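Here's the structure, in structure tokens; my notes come after.
The values are calculated or read from the model by the stated rules, or taken from the named source; none is laboratory data. The structure displayed is predicted, hence computed values, not measured ones. Cβ coordinates were reconstructed from backbone atoms using ideal geometry, including for glycine residues, and neighbour counts include every protein chain displayed.
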Amino acid sequence: MDSAWAGAGKRGAVALDLEALASWGSVGRLAGNDFEFALFGGQPDLKRAFEALAATRPLVCRMTGSGSTLFAVYRTSRDRDDARLTLSPRLGQAIAVETLASPLPPPGP
């Protein structure tokens, strides 16, 4: 087995407590995608896009599933919007979304 692959995909099970999920920083330390290692080696455009997104200084930057989406979480909407402006359209489409801090009110009558 290639030594570069020796440690890939061996994070194992993690027991979580509420404190481990208390901030995006702690979530980011736990986050990972075993496909990143394999895909970035064979898909230089994907790796380049991920590195560009990570360079915008998000709290968390990851790849979903098998690489269909890269995402980042920012401290403020301004940080998010500034990051979006710095990313080249050649790297892919950047879509800004916002997480609600509380549930929406129920629909009216």
Worksheet item: Mind checking whether some residue in region 94-102 is in a loop (DSSP other than H, G, I, E, B), under 17 Å from Gly28 (Cα atoms) and touching a Lys or Arg at 6+ places or on another chain (Cβ under 9 Å)?
Response: no
Worksheet entry | Count of residues meeting criterion [surrounded by 14 or more Cβ atoms within 10 Å (Cβ to Cβ) and either aromatic (Phe, Trp, Tyr) or under 13 Å from Thr64 (Cα atoms) (or both)] in region 33-42 | 6
Worksheet item: If the Cβ limit is 7 Å and pairs must be 6+ apart or interchain, which residue in region 73-86 that is more than 17 Å from Ser23 (Cβ to Cβ) pairs with which residue that is of a type outside the set (A, V, I, L, M) and loosely packed, with under 11 Cβ neighbours inside 10 Å?
Response: Ser77/Glu98
Worksheet item: Restricting attention to region 68-75, does a residue exist that is touching an Asp or Glu at 6+ places or on another chain (Cβ under 7 Å) and surrounded by fewer than 19 Cβ atoms within 10 Å (Cβ to Cβ)?
Response: no
Worksheet, complete the sentence: region 1-70: helices (runs of 4 or more DSSP H) wholly inside it with 1 or more residues that are β-branched (Val, Ile, Thr), within 12 Å of the chain's Cα centre (by Cα) and at pLDDT below 80 are 24-30
Worksheet, complete the sentence: (1) in a loop (DSSP other than H, G, I, E, B); (2) of a type outside the set (Val, Ile, Thr); (3) more than 15 Å from the chain's Cα centre (by Cα) all hold for Asp81 apart from (1)
